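Reading through the structure tokens given below for one structure.
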Amino acid sequence: AFDQELQECRKQLAACESRAAEAQVAMDQIPDTEQVSEAAVKDLETRRQTLSGDIEEGRRRLEERDHVLRNDVAQLKKLEAGFARQAELEQASADVSMLARTLAGTQSGMQRISLEAWVQMMYLDQVLEAANRRFLQLSRGQYRLVRSEGQKKGAGKTGLDLAVEARFSGEVRPVQTLSGGESFEASLCLAMGLSDRVAAANPGISIDTLFIDEGFGSLDEESLGKAMQVLSELAQYRCVAVISHVAGLKTAIDRQIQVKKNQGTSHVRLQV
């Protein structure tokens, strides 16, 4: 629009200059011998002055419009540079946002695993590896614990659920399908596996004591013997304390803290 107005100003200036030139030619063509009336001379002079004023006004407007146009061109270049920078920042922001959503496990079209959950999954695999060495022994080679890879519905974290693999059939099923005794064995092995991994990852930390509260009552005689065998091996290099009401453990464990409850009081008896 400014460019069009500038062109129009130039046309008007050219027209004024053309009329001024014509008036000057008309004055120059008046013969010296010809008698010209004073009124005619004044009229020509007035027209000349008017045209000169129009020319100056046209030049002034032309300069103003030219200045405005140059200023707008400079501002346009700044805006174009700003828009280019904005586009770069928007692209960078989109990349960072996608990375943030990926790390948070909220990116659409991808598995909902956050960076925190991914790290936990890595450590859980290590715990399961250590736990399965004992769980295979307790289950007589039947079962091993695995991490469930299924997509979880709702807001829960994916990849941190446990499942059990039946090695003879290859079937993978939820850990909730384990019997009471098998669940106790799995829990015991997980606790010891976690203890092993913590000690391995942190050489300065030593977990020397393991307390096991109940659960032995759900084991059959053979499973109880297997569990005691594992605990006996474990007791060679750390302290293992078992809290239980199972009578069979009284003969299997030499060192005992026996608590007998009487009416209103309890008595403690140490057997070493």
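Structure summary
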quantity: Near pairs, Cβ below 7 angstrom, 6+ apart or cross-chain, from region 167-193 (assigned by TED's automatic domain parsing to the domain that holds residue 145 and crowded, with 18+ Cβ neighbours inside 10 Å) to any residue that is acidic (Asp, Glu) and not in a helix (DSSP H, G or I); calculated: 181/220
quantity: Test result for residue 103, buried (at least 16 other Cβ atoms within 10 Å of the Cβ) and out of contact with any Ser or Thr (no Cβ under 6 Å at 6 or more places or on another chain); calculated: no
quantity: Subset of region 118-131 (residues that are surrounded by fewer than 18 Cβ atoms within 10 Å (Cβ to Cβ) and under 24 Å from the mean Cα position of the chain (by Cα)); calculated: 118, 119, 120, 121, 122, 123, 125
quantity: Scope region 138-168; condition modelled with pLDDT under 85 and either touching a Leu at 6+ places or on another chain (Cβ under 6 Å) or part of a helix (DSSP H, G or I) (or both); matching residues; calculated: 138
quantity: Condition met for residue 99 (closer than 30 Å to residue 148 by Cα, outside any loop (DSSP other than H, G, I, E, B) and either over 60 Å from the mean Cα position of the chain (by Cα) or at pLDDT below 85 (or both)); calculated: no
quantity: Options 134, 112, 61: the member that is buried (at least 16 other Cβ atoms within 10 Å of the Cβ), part of a loop (DSSP other than H, G, I, E, B) and in contact (Cβ under 8 Å) with a residue 12 or more places away in the chain; calculated: 112
quantity: Qualifying residue in region 72-88 (condition: touching an Asp or Glu at 6+ places or on another chain (Cβ under 8 Å) and touching a residue at least 12 places away in the same chain (Cβ under 8 Å)); calculated: no
quantity: Test for residue 116: is it farther than 30 Å from residue 177 by Cα, among the charged types (D, E, K, R) and out of contact with any strand residue (DSSP E or B) (no Cβ under 7 Å at 6 or more places or on another chain); calculated: no
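The values are calculated or read from the model by the stated rules, or taken from the named source; none is laboratory data. Note that the structure is predicted; figures quoted are calculated from it, not measured. Note: ideal-geometry Cβ built from the backbone for every residue, glycine included; neighbour counts use all protein chains shown.
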